[in-house]
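No value in this document is a laboratory result; all are computed from the given coordinates. Predicted model only: the values in this text are computed from it and were never measured. Every residue, glycine as well, gets a Cβ built from its backbone with ideal geometry; the counts of neighbours run over all protein chains shown.
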DNA sequence: AAGTGGTCTAGACCACCGC
DNA sequence: CGGTGGTCTAGACCACTTC
């Protein structure tokens, strides 16, 4: 399949089964012994695959008991890709989304550069306003690499967002986040229904899958209605200076 | 020594040698074969230790060449605690810091709550403006838990920042970041030498060590002169959404 | 007692690099 | 060519949980 390494293939295989829903969160997956028999590999190889998936948090292992698919973890904001729809509903509020644009375009220099394509290449462009109880909380301006999600334009984005579709469809490898504080343009201020001098938080994200840029999205939030957060464990010894 | 696992002991040993400066960045460390002979372990065990340290970024390995101590890594923004002084100097610019306050105070409700103390408890309060080539780039307003860093007030913060001191002194376990976009107060705008309508990025951070909150700090950056970024690998594709 | 994961060993083959 | 790291195997012992 992918990379020659056998443990890597085992990891990919297990990830795929979980991603496809064949193994749900909480499900107990076969033991190392069973996987050894099933796959015809040595136990060290299978063990390494499972250990690394557990380190990543995809699996939970307990000696003497078994290996289980982990529950989705509560992480927020800067370290994951949030579903603004789910967040809104989790607060018990009404979620709304106005799709303002959904079309194929030719990549400008900026977009081509961000998606690692050539100027003029065909890209998908999607714009929408997310609302919480009717109040705009995010203006999302997204470009999608057609090679990564060819059916993007054919989706019904009435209830599910652009992000949710991509996350569910493309197995992401890597994420880049950049955060800025800006004043909205006149057009942005109007769409967000805020005064033009309202400070806004801009989260710019790029995602990768298999070395290819999947999407490039700029999310503008009124600073007064949104914030980003994260909490994480410190990995290593402080290199931090 | 520490944890029973041999590969863990090897990791700790190598980390220690690097931390003590015995092996400097760029130094080539002994090969797996040599470490096997020196430590009397199997190659798999030594290999695992080296592989994990390389994954963590402490070592750089190249097949056919050797294993080297990594250079301090350029990571930025949301996933680590930055040294604004080091960043500034790395850009070849002059770094400056004006300490505006450094004193013991009684915790207000907000501060006590953030530090998990009681109102009125004694806390350290430190404020400074960071400058790049003389231009203010960050206003830092920090509270420190005396229990975590009792000698904080006695430090000479002429060249080293508050953050650098804490990071070097207290072994951090956990970090919380929250990002907002705000308009600065009149006083903040003056200290940052920006117009009062300049959108600003606020990074609020709390850190923990051994279950105790070490510090609570609010860093205000003019949005026009600063941004935060991070790039990270995705753990489990499935959960997002 | 049987099954689980955690670790460790002593070999092995390979691709790659530098000489 | 010899040295390096990357991987893999087929065993092994252990601590632990569950029955």
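Annotations
- Hydrodynamic radius (Kirkwood) for segment A:6-69, which is based on Cα pairs only, to one decimal in Å: 11.6 Å
- Taking only the C-alpha atoms of segment B:101-145, the Rg (one decimal) and the largest Cα-Cα distance, Dmax (whole number), read 12.8, 40 Å.
- Placing a label point 7 Å from Cα along the Cα-to-Cβ axis, residue B:113 is separated from the same position in the other copies by 4.4 nm, shortest listed first.
- Counting every alpha-carbon pair across segment A:84-222, the share separated by more than 27 Å comes to 19%.
- GNM on chain B, alpha-carbon springs under 10 angstrom: the most fluctuating residue among B:204, B:185, B:215 is B:185.
- Between copies, the label points at residue A:94 (set 7 angstrom from Cα along Cα-to-Cβ) are spaced 5.9 nm, reported in nanometres from shortest to longest.
- A Gaussian network model of chain B, with springs between Cα atoms under 10 Å, assigns the largest mean-square fluctuation among B:31, B:163, B:122 to B:31.
- As a length-normalised measure over Cα pairs under 8 Å and 6 or more apart, the relative contact order of chain B settles at 15 percent.
- Sequence of A:140, B:174 once ranked by neighbouring C-beta atoms within 10 Å, starting from the fewest: B:174, A:140
- Sorted from shortest to longest, the distances between the residue A:169 label points of this copy and the other copies are 5.3 nm, with each point 7 Å from Cα along the line through the beta carbon.
- Counting Cβ atoms of other protein chains within 10 Å of each Cβ in B:177-188 and taking the mean gives 6.
- 0 to 90° range, to nearest 10: angle between helix A:6-19 axis and chain A longest Cα axis: 50 degrees
- Between segment A:186-234 and segment B:79-136, the alpha-carbon center distance in angstrom: 26 Å
- Computed from Cα positions, the angle between helix B:43-56 and the longest principal axis of chain B comes to roughly 20 degrees.
- GNM top mover of B:148, B:168, B:209 - chain B, alpha-carbon springs below 10 Å: B:168
- Other protein chain C-beta atoms within 10 Å of residue C-beta, averaged over A:190-203: 3.
- Relative to the 2.2 N^0.38 Å rule of thumb, segment B:120-183 has a C-alpha radius of gyration ratio of 1.26.
- With Cα atoms as the point set, the protein assembly as shown shows a radius of gyration and Dmax of 24.7, 70 Å.
- Highest average packing first - A:42-48, B:87-93, Cβ atoms within 10 Å: A:42-48, B:87-93
- 222 nm mean residue ellipticity, helices alone, for the protein assembly as shown (DSSP H n ≥ 4; -39,500 (n - 2.57); rounded to 500): -7500 deg cm²/dmol
- Debye-sum result for segment B:140-222 in log10 I(q)/I(0), which assumes one identical scatterer on each alpha carbon, at q = 0.25, 0.27 Å⁻¹: -1.13, -1.22
- Principal axis box of chain A, alpha-carbon based, largest edge first, Å: 63, 44, 39
- Remark: segment A:1-137 is approximated by an ellipsoid whose semi-axes, taken from the C-alpha gyration tensor as √(5λ), come to 39, 24, 11 Å, largest first.
- Using alpha carbons only, the radius of gyration of segment A:70-164 set against its Kirkwood radius gives Rg/Rh = 1.02.
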